[in-house]
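Everything below concerns the one structure shown next.
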Amino acid sequence: MADSMMYSEEMFVFLTPDASETFLTPAELLDQLKAVLAQHSDNLPPDLKKISSDEKRAQYLMETHCEFETAPGEAVQWYAVRLEK
């Protein structure tokens, strides 16, 4: 049986096109994704346009994707990470 800790998403790394890297909690990542979506609301892909709010869009992205294109050839990315103590 798989260890449930393998599926724990306690932290995420968030990467931006300028190559900065930030470690975020799930709540912080959700806020960051909402900010990105608000900045790019005029250029959303069809699956995100169907969702009614930035809060729900950000949650959907966090659960189903690991990248959002902000401009042609540029994207923000996020990955779940486990930090060792």
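The values are calculated or read from the model by the stated rules, or taken from the named source; none is laboratory data. Keep in mind that this is a model prediction, so the values were computed, not measured. Every residue, glycine as well, gets a Cβ built from its backbone with ideal geometry; the counts of neighbours run over all protein chains shown.
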message: On the basis of being touching a strand residue (DSSP E or B) at 6+ places or on another chain (Cβ under 7 Å), among the polar types (S, T, N, Q) and in a helix (DSSP H, G or I), does Gln77 make the cut?
response: no
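For region 68-84, give me the residue count where each residue is surrounded by 12 or more Cβ atoms within 10 Å (Cβ to Cβ) and charged (D, E, K, R). Outline the logic, then answer.
At the first step, the residues of region 68-84 found to be surrounded by 12 or more Cβ atoms within 10 Å (Cβ to Cβ) are 68-70, 75-81.
With charged (D, E, K, R) added as a condition, the list becomes 69.
Adding up the residues that qualify gives 1.
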task: Give the number of residues within region 45-85 that are more than 15 Å from Thr25 (Cα to Cα), touching a residue at least 40 places away in the same chain (Cβ under 8 Å) and either of a type in the set (A, V, I, L, M, F, W, C) or touching a helix residue (DSSP H, G or I) at 6+ places or on another chain (Cβ under 8 Å) (or both).
output: 4
Subset of region 7-44 (residues that are touching a residue at least 24 places away in the same chain (Cβ under 8 Å), exposed (fewer than 12 other Cβ atoms within 10 Å of the Cβ) and not in a helix (DSSP H, G or I)): Ser8, Glu10
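Quick check, is Asp31 more than 15 Å from Ala75 (Cα to Cα), modelled with pLDDT of 95 or more and among the acidic types (Asp, Glu)?
Details: more than 15 Å from Ala75 (Cα to Cα): yes; modelled with pLDDT of 95 or more: yes; among the acidic types (Asp, Glu): yes.
It is true that Asp31 is more than 15 Å from Ala75 (Cα to Cα), modelled with pLDDT of 95 or more and among the acidic types (Asp, Glu).
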